[in-house]
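In what follows, a structure is listed as structure tokens, so that the remarks can point back to it.
The values are calculated or read from the model by the stated rules, or taken from the named source; none is laboratory data. For clarity, every value in this text was computed on a predicted model and none was experimentally measured. Cβ placement follows ideal geometry from the backbone for every residue including glycine, while neighbour counts extend to all protein chains displayed. Side chains included, ligands, DNA and RNA excluded: accessible areas come from the protein's heavy atoms. Shrake-Rupley method; radii C 1.70, N 1.55, O 1.52, S 1.80 Å.
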Amino acid sequence: MASQAATGIKKLQAEESEAVVFQTVLFYSLAILLVPVAAFIGSKVTLGGILGFETHSCNIWSAVIAVIVLHLMLGLYIYRTFYPAPTKQTKQD
Amino acid sequence: MSESTLTETNPIYGPFFGVMGAASAMIFSAFGAAYGTAKSGVGIAAMSVMRPELIMKSIIPVVMAGIIAIYGLVVAVLIASKLSDPADYSAYNGFIHLGAGLAVGFSGLAAGFAVGIVGDAGVRGTAQQPRLFVGMILILIFAEVLGLYGLIVAIYLYSK
């Protein structure tokens, strides 16, 4: 009985950690894809509309900002793989 | 368009070079990114059978290969936003944009090949010796900056 319960708990933990890994990878993948696009559009609106940059230089600076943001997101993901978030400790009898 | 608006500096085929630049930026960098994704995907699939807990670490080459395609996309969008009628678009602009597109395209192709081969061997090696991970990341970053150099040259050319 005890060994059956132990395998059940192990299976549950494995499923839980799989879900956590999937959530993390999905979150960072979406961040890497969407945040630079948002940064490109946001910086274009800010530089061109509010700060009044010329269209040509506005495009260039928006592209540079988007690429920098992209690498920041990639750096965050690599940091996360080096130092995984602390997982919840479950009590085992 | 009237014949008189087309001069020697603004020929009818001026935008052709710009269009080719935008297309080659996207095509070649996507080529490199696809090779990088597929090759490192083969490594991940082989490695994850025995060590499924390393999946999150081993996805990194795939993400880096995807970023190479984003370099090409950025340059292609920049060039496409500048394309216009031959009367407003000189042959000089076309040559510059063709050069920018080829710079980022071929650098991305080379970087994608490097990321793919390093990613394949790296994730297989990391499964057996986890301390290889830092080395794999470093080599991947050096492969990635090859594409970044192309992007820098392309943006510099584009800003002329």
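Remarks
- Qualifying residues in the range A:44-67 (those that are within 12 Å of another protein chain (Cβ to nearest Cβ) and β-branched (Val, Ile, Thr)) - the one surrounded by the fewest Cβ atoms within 10 Å (Cβ to Cβ): A:THR55
- Within the range A:29-45, residues that are in a helix (DSSP H, G or I) reach partners that are open to solvent by 50 Å² or more (accessible area, probe 1.4 Å) with beta carbons closer than 7 Å, at six or more positions or on different chains, in the pairs A:ALA39/A:ILE65; A:SER43/A:TRP61; A:SER43/A:ILE65.
This table checks each residue for (1) in contact with an Asp or Glu (Cβ under 9 Å, 6 or more places away or on another chain); (2) open to solvent by 40 Å² or more (accessible area, probe 1.4 Å); (3) polar (S, T, N, Q).
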{"site": "B:ALA46", "(1), (2), (3)": "yes, yes, no"}
{"site": "B:GLY94", "(1), (2), (3)": "no, no, no"}
{"site": "B:GLY105", "(1), (2), (3)": "no, no, no"}
{"site": "B:ILE137", "(1), (2), (3)": "no, no, no"}
{"site": "B:LEU151", "(1), (2), (3)": "no, no, no"}
{"site": "B:LYS160", "(1), (2), (3)": "no, yes, no"}
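- Considering residues of the range A:20-43 that are over 20 Å from A:ARG80 (Cβ atoms) and within 10 Å of another protein chain (Cβ to nearest Cβ) only, the residue surrounded by the fewest Cβ atoms within 10 Å (Cβ to Cβ): A:VAL37
- If you go through the range B:113-149 and pick out every residue that is away from chain A (no Cβ under 12 Å) and either in contact with a strand residue (DSSP E or B) (Cβ under 6 Å, 6 or more places away or on another chain) or not aliphatic (A, V, I, L, M) (or both), you end up with 13.
- In the range B:137-160, the residues that are within 12 Å of the chain's Cα centre (by Cα) and among the aromatic types (Phe, Trp, Tyr): B:TYR149
- Failed condition for A:PHE53, given (1) in a helix (DSSP H, G or I); (2) touching a Phe, Trp or Tyr at 6+ places or on another chain (Cβ under 8 Å); (3) aromatic (Phe, Trp, Tyr): (1)
- Extreme residue, most open to solvent (accessible area, probe 1.4 Å), among residues of the range B:1-44 that are at pLDDT below 90 and among the aliphatic types (A, V, I, L, M): B:MET1
- Only a single item in (1) closer than 19 Å to A:VAL64 by Cα; (2) at pLDDT 95 or above; (3) among the aromatic types (Phe, Trp, Tyr) is not met by B:TYR158, and it is number (2).
- Of all residues in the range B:5-28, those that are in a helix (DSSP H, G or I) and farther than 20 Å from B:SER81 by Cα total 1.
- Hey, B:ILE79 part of a helix (DSSP H, G or I), without any contact (Cβ under 8 Å) to a residue 12 or more places away in the chain and within 14 Å of chain A (Cβ to nearest Cβ) or not: no
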